[in-house]
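The values are calculated or read from the model by the stated rules, or taken from the named source; none is laboratory data. Computed from a prediction, not measured in an experiment: that's the story for all the values here. Every residue, glycine among them, receives a Cβ derived from its backbone with ideal geometry; neighbour counts consider all protein chains shown. To get the accessible areas, we keep the full protein, side chains included, count just its heavy atoms, and leave off ligands, DNA and RNA. Shrake-Rupley method; radii C 1.70, N 1.55, O 1.52, S 1.80 Å.
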Amino acid sequence: DNLMGLLGPSSGKLIIDGEEITTKNVSSWQKKISHVPQEIFLSDSSIKENIVLGNSDSGSNDKLLNSLSIANANEFINEFQENINYNVGDNGSNLSGGQKQRIAIARAVYSSSPILILDEATSSLDSKSEKLVQNAIDKLMINKTSIVIAHRLSTIQNADKIIVLDKGEIIEEGSHNELIKNNSIYKKLISLQSFS
């Protein structure tokens, strides 16, 4: 909520790229952020309408097709007779979980926002869908500041900095390799997930 500008910090300042984030500049700040949550909201309209969602350049078909390609969404969209005009149903009821996630990723690509928030974006997916979505996320994160919230640690291993939280407190931070070298909680969590 702080990053989205909905709440101010209880103490200190939130500064990104030299700009203080306050509740006063919330609308201009939110335009700089793409958010891919665990639970995707889709309107009862076409795939295309769910991706361009309020963007002023909604007529750019090349940009739309590129967004779908990066999101690995063409694989299932090409199966629909209506293609990008396929109606996703109420809150995406005509799509699987992995398909909904890839539509959300295409939306994030299309928005061209410099900051990306991924909030448990692969946690509710089966293994096949997770691999497709993770591949799309890896492409989406190129040249963006990305904040990834994850319990599945495979999704964050390439991060520049990993911050491990326990009960709201930072207990360790570093790169994947730095945390693995230490006898860290992160290392223990990685070993536990390796067997699951």
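Miscellaneous remarks
- Residue within the range 4-27 that is within 19 Å of ILE105 (Cβ to Cβ), among the small types (Gly, Ala, Ser) and either touching a helix residue (DSSP H, G or I) at 6+ places or on another chain (Cβ under 9 Å) or modelled with pLDDT of 90 or more (or both) present: no
- Within the range 167-190, the set of residues being touching a strand residue (DSSP E or B) at 6+ places or on another chain (Cβ under 9 Å) and acidic (Asp, Glu) comprises GLU172, GLU173, GLU178.
Results for (1) under 21 Å from ALA108 (Cβ atoms); (2) at pLDDT 90 or above, shown as yes or no for each residue.
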{"site": "LEU153", "(1), (2)": "no, no"}
{"site": "ASN158", "(1), (2)": "yes, no"}
{"site": "ILE163", "(1), (2)": "no, yes"}
{"site": "ILE170", "(1), (2)": "no, yes"}
{"site": "GLU173", "(1), (2)": "no, yes"}
{"site": "ASN183", "(1), (2)": "no, no"}
{"site": "TYR186", "(1), (2)": "no, yes"}
{"site": "LEU189", "(1), (2)": "no, no"}
{"site": "GLN193", "(1), (2)": "no, no"}
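- Between ALA121, ALA136, the distinction of being within 25 Å of SER28 (Cα to Cα) and small (Gly, Ala, Ser) belongs to ALA121 only.
- Among the residues of the range 58-88, those that are of a type in the set (A, V, I, L, M, F, W, C) and open to solvent by 10 Å² or more (accessible area, probe 1.4 Å) comprise LEU65, ILE70, PHE80, ILE84.
- Restricting the range 49-74 to residues that are in contact with a helix residue (DSSP H, G or I) (Cβ under 8 Å, 6 or more places away or on another chain) and assigned to a loop (DSSP other than H, G, I, E, B) leaves a set whose member that is modelled with the lowest pLDDT is SER58.
- Counting only helices (runs of 4 or more DSSP H) that sit completely within the range 107-196, those holding 3 or more residues that are loosely packed, with under 14 Cβ neighbours inside 10 Å and free of Cβ contacts under 8 Å to residues at least 12 places away in the same chain correspond to 185-194.
- Residues located in the range 89-106, provided they are under 29 Å from TRP29 (Cβ atoms) and surrounded by fewer than 21 Cβ atoms within 10 Å (Cβ to Cβ): ASN91
- Scope the range 80-96; condition free of Cβ contacts under 8 Å to residues at least 40 places away in the same chain and either in contact with a Ser or Thr (Cβ under 6 Å, 6 or more places away or on another chain) or assigned to a loop (DSSP other than H, G, I, E, B) (or both); matching residues: PHE80, GLN81, GLU82, ASN85, SER93, ASN94, SER96
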